[in-house]
1. Would you mind working out the magnitude of the charge dipole of the chain relative to its Cα centre, with +1 at each Lys and Arg C-beta and -1 at each Asp and Glu C-beta, to the nearest 20 Debye?
2. Using a simple charge model, +1 on the beta-carbon of Lys and Arg, -1 on the beta-carbon of Asp and Glu, nothing else, what dipole does the range 1-113 show about its Cα centre, in debye to the nearest 20?
3. Only Lys, Arg, Asp and Glu count, each charged at its Cβ (+1, +1, -1, -1), so figure out the dipole size of the range 125-176 about its Cα centre, rounded to 20 debye.
4. Full extension from residue 164 to residue 28: what is 0.36 nm times the residue separation minus their Cα-Cα distance, to one decimal in nm?
5. Taking a quarter of the surface of the Cα convex hull of the range 146-232, what do you get in nm²?
6. Over the chain, what percent of the accessible surface lies on carbon and sulfur atoms, probe 1.4 Å?
7. Quick one: net charge of residue 157's neighbours, Cβ under 9 Å, K/R +1, D/E -1?
8. Find the percent of Cα-Cα distances in the range 1-120 that exceed 20 Å, and round it to a whole number.
Amino acid sequence: MSCSYADGLSPYLNKGKLGLPEIPDRPEDVSYKINTLANWIKNSKHAVVHTGAGCSTSAGIPDFRGPKGVWTLESKGQKPDTNISFDLAIPTPAHMILKNFLEVGLIKHIVTQNIDGLHLRSGVRRVQLSELHGNMFVAKCSYCERYIALPDSLPTVGQKEIGKDCPILKSGGRRCRGKLHDTLLDWEDNLPALELLTAETQSKLADLSICLGTTLQIVPAGNLPLRAKKNPRGRLVIVNLQATKHVSDFALLNTYL
């Protein structure tokens, strides 16, 4: 659950702008924006999608900075009413559409700040996904450094030991001596080098960056979509109910859905 994940993080004062009003599009604008975005996707050479917590709210996982987000309510001494277990959450239509877009080549890569594992559960290939903040269902061995997919959500946050031995067998049938640690980042942890490198490379290649359900407040993830603007005819699309700091200066299509 988002709350249990949030409770596992270290105390941190500056959690960004919280509870900004949500601004839905006028119905008459939605069709125009959808058609415009569809044409941009079809005509792009290298579209990259960046997802945030808003992409998973319809799965029952609350966001963090929305009017009813975890951090917003925490500042009022409250908790979200809806808060499904990560183990019970299933990919949303948005996750499944993105998976299908990857399969047919309409988009090339997904960069996510989400730790819920729903992109992988939707069937997205690991090489087409950069998980910048970790995965609730993936542990890492402290010795052989292999990543291990787990059937149940992790019990810890902050790359701590989870109380399980590495299951990898080495030559001769000897078991690895390592201990498994969670892959979930705490506030001041460095992003995983390979995930960040891949995300940066894909973002530089992008001629279309599509941001779904993110206020783009957390860096460096929030700055990666802007790389597309450095390419000739590069475009940035922000699909979010709340305004972001990049909307007025950079977004060519500001959609609040």
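1. Charge dipole, the chain, about its Cα centre: 800 debye, nearest 20.
2. That gives the range 1-113 a dipole magnitude of about 340 debye.
3. It comes to approximately 240 debye.
4. 43.5 nm
5. With the hull built on Cα positions only, its mean projection is 8.2 nm².
6. For the chain, the apolar C and S fraction of the accessible surface comes to 54 percent.
7. In short, -2.
8. The share of Cα pairs beyond 20 Å in the range 1-120 comes to 53 percent.
The values are calculated or read from the model by the stated rules, or taken from the named source; none is laboratory data. No experiment lies behind these values; they were computed from the predicted model shown. Every residue, glycine among them, receives a Cβ derived from its backbone with ideal geometry; neighbour counts consider all protein chains shown. To get the accessible areas, we keep the full protein, side chains included, count just its heavy atoms, and leave off ligands, DNA and RNA. Shrake-Rupley method; radii C 1.70, N 1.55, O 1.52, S 1.80 Å.
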